[in-house]
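Coordinate-derived values only; no laboratory data. All values derive from a computational prediction rather than experimental measurement. Neighbour counts run over all protein chains shown; Cβ positions are idealised from the backbone, glycine included.
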Amino acid sequence: MSEFFMNGHTEKPEMCVHDPPDVAPTPAERLAELRFCQDTGRLSNWQRPVAETLLRAGLGEGYTAAEWAEVAWYGPLDAWVRAGSRVSDMFIDGPDRTIVVVEEGNRSDTGIRVCNEWLRWTQRQLLLRAGFVTPDDPDDWRNADGQIVHALYGTADRRLRFAVTRPPYTPDGATIAVRVLPARWKTIDDLVQHEGGVLSREAADLLIEAIRRGVTLLIAGSAGSGKTTLTAALLQAIAAEKRVIIIEDARELPLPPDGMAVEVLRSRSSFAHCVRLTLRQRPDLIVLGEVRGPEALAMLEAAATGHPGICTIHAPDTLTALRNLERFATLDGLASPGVVRGMMTSGAVPLIAVHIGIYGGRRRVGQIVEVIVTSGSQAGDSLPHNPLFAFNHATNRLERKYPVQGAWGKGRL
């Protein structure tokens, strides 16, 4: 049992919030008590040892690891993960470092320092709440293969996407990065109307119609560019029409009514295996949280058999995204570059790439291209493509370039 979760202090605390109850408090009551202490300043110094901090706050000896696992409280980060907070990201880059937050796109240093004990305690709380460790041994970090590791990432409470590290992975000490997922995901209408125009109505309608007609979408961008937000908005737009299976490292995207979610980290399977397995579960649409390896081939194979998808990928533009997809699909040697190129340029796999990033000084969709069906394209050549939309810096708008050439929308879109 970790000393940070249950300590042996018997001294009387400096202040008590209330007398010990006859019946053990519920997790909700514990959470309310902790937040009351935090909001009134009794829990505010994160540079003291954990046991001392809790005693000074009037919380006695604290809780066992099993009891902490039932409470959705995150110590020094808790004020920013609550409902109503506008903070999207939090970082602690090492022991005795300050908490850095991102609020509405602006990064700022809070000046609040966190000692090593509280930093490690917060890591454990995230991992306990995500189900990655057990209360019996919260320091036993293991990957899907059962190997001891020193870096993990996942999602706690279905709204806190985190990455935690410890030595020797980060030799200077433990670190935490947390992304707060929205309590309410933005819709396509939000992105078109209320977010300053992340994309135009015409572009949004084309992407939704493409999904309806069996086109696979590749949504590209850098970290934090809005790939997941756009994917979630598109999912909500077609939620009532499709049976959707979502495959992610850890649960993040909203689940449509007729759908199911697969967590790769918990399944102890590869992304590619999960994609192939979902074909037996009769999906109308497969959503892959991120393409970064051989699962790209599984996605193309699924699309070729009538199971289109939406996937995200890290890339600075649409053409690089398509090249990366092509390269990833050949990584495990199951398909040659020529075979992969043939799949990507065949009528059986209609494919559109979208790039979201900074255009005109703010985040929005700046490129939408379709891959042109052709029988003469060779691996290594530039992929034949048709620009459907492109950002015009002169007008500061996403503008239509050319009509759809693919059979799914030719003459209509």
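Would you mind counting up the charge near LEU383? Only other residues with Cβ under 11 Å from its Cβ, with Lys and Arg at +1 and Asp and Glu at -1. Could the numbers behind the result be given before it?
Details: positive: ARG323, ARG341; negative: GLU326, GLU370, ASP381.
Net charge in that neighbourhood comes out at -1.
The three principal axes of the C-alpha atoms in the chain carry coordinate ranges of 80, 46, 40 Å, sorted with the longest axis first. With axes computed from alpha carbons, what is the tilt in degrees of helix 116-130 against the longest principal axis of the chain, rounded to the nearest 10 within 0 to 90? Computed tilt is about 60 degrees. Which one of ASP284, ASP190, ASP93 has the biggest mean-square fluctuation once the chain is modelled by GNM with Cα springs under 10 Å? Its mean-square fluctuation being the largest, the pick is ASP190. For segment 49-119, which trypsin sites (Lys or Arg not before Pro) pass both filters: DSSP loop (anything but H, G, I, E, B) and at most 11 other C-beta atoms within 10 Å? Within segment 49-119, the qualifying trypsin sites (Lys or Arg not before Pro) (loop, at most 11 other Cβ atoms within 10 Å) are ARG86. Summary value for the chain: 10 percent relative contact order, contacts being C-alpha pairs under 8 angstrom separated by 6+ residues. A Cβ-based charge dipole, computed about the Cα centre of the chain with Lys and Arg at +1 and Asp and Glu at -1, lands at about 1580 debye.
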